[in-house]
Amino acid sequence: MILKCVKTGINGEGIAYKDKKPVFIEGFFPDEEAEVTITAEHETYCYGAVEKLLHESSERRKPECGHQAECGGCPLMPLKYGAQLKYKKRLLEESLYKYGNVRREFIRDVRTAEKITGYRNQCKLPVGTADGRPVTGMYKVRSNHFVEIDSCPIHEPLIESTRKQVLKLAAKHRIGAYDQKDGKGLRYLILRVMDEQIQCVLVTGRDTLPEAFIDDVMKIRHMCSLFQSVNTQKNTPEIFGSKLKKLAGTDTVSAGICGIRLQLSPQSFFQLNTKAAEGLYELAVSKIDPCDVLAEAYCGIGAMSLLASKKAKRVYGIESVSDAVINAAQNAAANGIENCEFICADAAEGLRQLASEEKIDTLLLDPPRSGLDDNMVRTILKVLPAKIIYVSCNPATLAKNLRELKKEYRLVTVIPYDMFPNTPHIESVSVLVRSGFSDAKRRRKKRAQD
């Protein structure tokens, strides 16, 4: 059947309609027409595949990656960059209006990325087998079909060259891909590159890795640390196992961002696009007014808390991952920043406890894709800081959170930021102030108190 794509979905897929039922089609863009085969039909929607493209969008381009269609990691790569930005802004606008009743005039133009390829500073890739040797790849969208990826233009070049060297050494030392039956083998290869330093984690089964292999890996240029994590759990979405063992090298990798140095443990979260992260953090911190007490929930290794330390007399970071809290405290000490304190706690519990001891002027939020849970929203509406800066990576959860926060807050602006070119993901910085509590009024009140 011949279908026309009318819009792009939240995962970058094209959406057409068959008998008023939406059909989700990968690699299909607005205004294109194609012969489409229905691959799966459900009560309220279908999946389809393009058999023959009949009319091509003027925004289409040749993707830089030969695996783009089968990998599915970069569904927008066949679009020109300007068209990608239009799509992302429209997605943000539609989500915020549909779920949060936020009008589009509040949403600014997308801040663009400096690089659209070669920007990703970390890979977490499953390991499979091809021609008897271990290879890395991806699982095809909505399937358990492993696809070998021999190169990825999204990764920083040093990740790609190191990935190939580690796999070659694994083959040399007869370390194969993970076998679920005997619980041995290489399951995931994780590489992080910061300032030309490489941190490597091998997720394996119940393997004792040969010393000769460890020595060879550490001889790879720029390699600074090697870790092993054992994970034999079946059908788990978790990559890391319960324990992490350092095999060689340093405990952390060092990263420079916005004039500060950060130490990262293997399981500590850090933005995957270092250069774009600098711009995003600077943007978020620029929206903070000078205040007495600033709290950051979901602070990770403390990057934004440290960058905001000049804006507040006291800064408190709240994070539930203990390794990240340890890194954050180390980072504060290493940078000579004395007015930052980091708390290991659930975001809502930590904020509630902190608010019982301190009056919080400004709240900085950088939650995971799931956004703020109900407990956190209730806590914020009880604590009621004068200003909120909300860094989001998910328009849908941001919209739902804004809908609740607007009961006590006025939305000032939403600034989109393109952290991940060629993907449908869009970051944003939202600024909210207490209803009836303007920035000018807050400054006048502070001067009166001083």
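For region 382-395, give me each residue that is part of a helix (DSSP H, G or I) and either touching a strand residue (DSSP E or B) at 6+ places or on another chain (Cβ under 9 Å) or surrounded by 19 or more Cβ atoms within 10 Å (Cβ to Cβ) (or both). Lay out the reasoning, then the answer.
As a first pass, look at region 382-395 and keep what is part of a helix (DSSP H, G or I): 382-383, 395.
If the condition is that a residue be part of a helix (DSSP H, G or I) and either touching a strand residue (DSSP E or B) at 6+ places or on another chain (Cβ under 9 Å) or surrounded by 19 or more Cβ atoms within 10 Å (Cβ to Cβ) (or both), then 383, 395 are the ones that fit.
Here are some residues: 412, 431, 377. Which one is more than 30 Å from residue 61 (Cα to Cα), at pLDDT 95 or above and in contact with a helix residue (DSSP H, G or I) (Cβ under 7 Å, 6 or more places away or on another chain)? Working first, answer last.
Numbers: 412 fails: in contact with a helix residue (DSSP H, G or I) (Cβ under 7 Å, 6 or more places away or on another chain); 431 fails: in contact with a helix residue (DSSP H, G or I) (Cβ under 7 Å, 6 or more places away or on another chain).
Sole residue among the options that is more than 30 Å from residue 61 (Cα to Cα), at pLDDT 95 or above and in contact with a helix residue (DSSP H, G or I) (Cβ under 7 Å, 6 or more places away or on another chain): 377.
Which ones in region 15-29 are of a type outside the set (Gly, Ala, Ser) and closer than 16 Å to residue 423 by Cα? Step through it out loud before you land on a result.
Applying the first criterion (of a type outside the set (Gly, Ala, Ser)) to region 15-29 yields 15, 17-26, 28-29.
Residues satisfying the conditions are 25, 26, 28, 29.
Would you point out which residue out of 23, 36, 50, 127 is aliphatic (A, V, I, L, M), in contact with a Gly (Cβ under 9 Å, 6 or more places away or on another chain) and either assigned by TED's automatic domain parsing to the domain that holds residue 198 or within 30 Å of residue 253 (Cβ to Cβ) (or both)? Spell out how you get there, then give the answer.
Numbers: 23 fails: either assigned by TED's automatic domain parsing to the domain that holds residue 198 or within 30 Å of residue 253 (Cβ to Cβ) (or both); 36 fails: either assigned by TED's automatic domain parsing to the domain that holds residue 198 or within 30 Å of residue 253 (Cβ to Cβ) (or both); 50 fails: either assigned by TED's automatic domain parsing to the domain that holds residue 198 or within 30 Å of residue 253 (Cβ to Cβ) (or both).
Just a single option satisfies the conditions, and that option is 127.
Here is a yes/no grid of residues against (1) aliphatic (A, V, I, L, M); (2) at pLDDT 95 or above; (3) out of contact with any Phe, Trp or Tyr (no Cβ under 8 Å at 6 or more places or on another chain):
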| site | (1), (2), (3) |
| --- | --- |
| 214 | yes, yes, yes |
| 227 | no, yes, yes |
| 242 | no, no, yes |
| 255 | yes, no, no |
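Select from region 301-321 the residues that are within 18 Å of the chain's Cα centre (by Cα) and surrounded by fewer than 24 Cβ atoms within 10 Å (Cβ to Cβ) and write down the one among them that is nearest to residue 331 (Cα to Cα).
Here the answer is 321.
For region 6-29, which residues satisfy the criterion of being touching a residue at least 40 places away in the same chain (Cβ under 8 Å) and touching a Ser or Thr at 6+ places or on another chain (Cβ under 9 Å)?
Within region 6-29, 10, 12, 29 meet the criteria.
Quick grid of which residues meet (1) among the β-branched types (Val, Ile, Thr); (2) in contact with a Cys (Cβ under 9 Å, 6 or more places away or on another chain):
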{"site": "44", "(1), (2)": "yes, no"}
{"site": "57", "(1), (2)": "no, yes"}
{"site": "66", "(1), (2)": "no, no"}
{"site": "69", "(1), (2)": "no, no"}
{"site": "86", "(1), (2)": "no, no"}
{"site": "90", "(1), (2)": "no, no"}
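Can you name every residue in region 370-396 that is in contact with a Ser or Thr (Cβ under 7 Å, 6 or more places away or on another chain) and under 19 Å from residue 99 (Cβ atoms)?
Passing the criteria: 370, 371, 390, 392, 395, 396.
With respect to residue 166, determine if the residue is among the β-branched types (Val, Ile, Thr), modelled with pLDDT under 95, in the same structural domain as residue 216 (by TED's automatic domain parsing) and outside any strand (DSSP E or B).
On the way: among the β-branched types (Val, Ile, Thr): yes; modelled with pLDDT under 95: no; in the same structural domain as residue 216 (by TED's automatic domain parsing): yes; outside any strand (DSSP E or B): yes.
When the stated conditions are applied, residue 166 does not pass them.
Which one of the conditions (1) part of a loop (DSSP other than H, G, I, E, B); (2) without any contact (Cβ under 8 Å) to a residue 40 or more places away in the chain; (3) over 28 Å from residue 181 (Cβ atoms); (4) not charged (D, E, K, R) does residue 248 fail to meet, given that it meets all the rest?
(1)
Output yes when any residue across region 354-369 is of a type in the set (Ser, Thr, Tyr), farther than 24 Å from residue 420 by Cβ, in contact with a Leu (Cβ under 8 Å, 6 or more places away or on another chain) and assigned to a helix (DSSP H, G or I), and no when none is. Lay out the reasoning, then the answer.
We begin by selecting, within region 354-369, every residue of a type in the set (Ser, Thr, Tyr); these are 356, 362.
From what's left, farther than 24 Å from residue 420 by Cβ: 356, 362.
From what's left, in contact with a Leu (Cβ under 8 Å, 6 or more places away or on another chain): 362.
Narrowing further to those that are assigned to a helix (DSSP H, G or I): none.
Scanning region 354-369 turns up no residue that is of a type in the set (Ser, Thr, Tyr), farther than 24 Å from residue 420 by Cβ, in contact with a Leu (Cβ under 8 Å, 6 or more places away or on another chain) and assigned to a helix (DSSP H, G or I).
Do any strands (runs of 3 or more DSSP E) entirely within region 19-137 hold 3 or more residues that are at pLDDT 95 or above, over 22 Å from the mean Cα position of the chain (by Cα) and over 30 Å from residue 399 (Cα atoms), and if so, which? Break it down stepwise before answering.
Working: elements: 21-25, 33-41, 46-55, 122-130.
Ranges flagged: 33-41, 46-55.
Test residue 175 against the criterion of being buried (at least 17 other Cβ atoms within 10 Å of the Cβ), of a type outside the set (Ser, Thr, Tyr) and outside any strand (DSSP E or B), and give yes or no. Explain how you work it out, then say what you get.
Values: buried (at least 17 other Cβ atoms within 10 Å of the Cβ): yes; of a type outside the set (Ser, Thr, Tyr): yes; outside any strand (DSSP E or B): yes.
Criteria met by residue 175.
Hey, can you tell me all the residues within region 195-243 that are aromatic (Phe, Trp, Tyr) and in contact with a strand residue (DSSP E or B) (Cβ under 9 Å, 6 or more places away or on another chain)? Break it down stepwise before answering.
Within region 195-243, the first condition is being aromatic (Phe, Trp, Tyr), and the residues that meet it are 213, 227, 240.
The answer is 227, 240.
The values are calculated or read from the model by the stated rules, or taken from the named source; none is laboratory data. Computed from a predicted structure; not experimentally measured. All Cβ positions, even for glycine, are placed from backbone atoms using ideal geometry, and neighbour counts span all protein chains on display.
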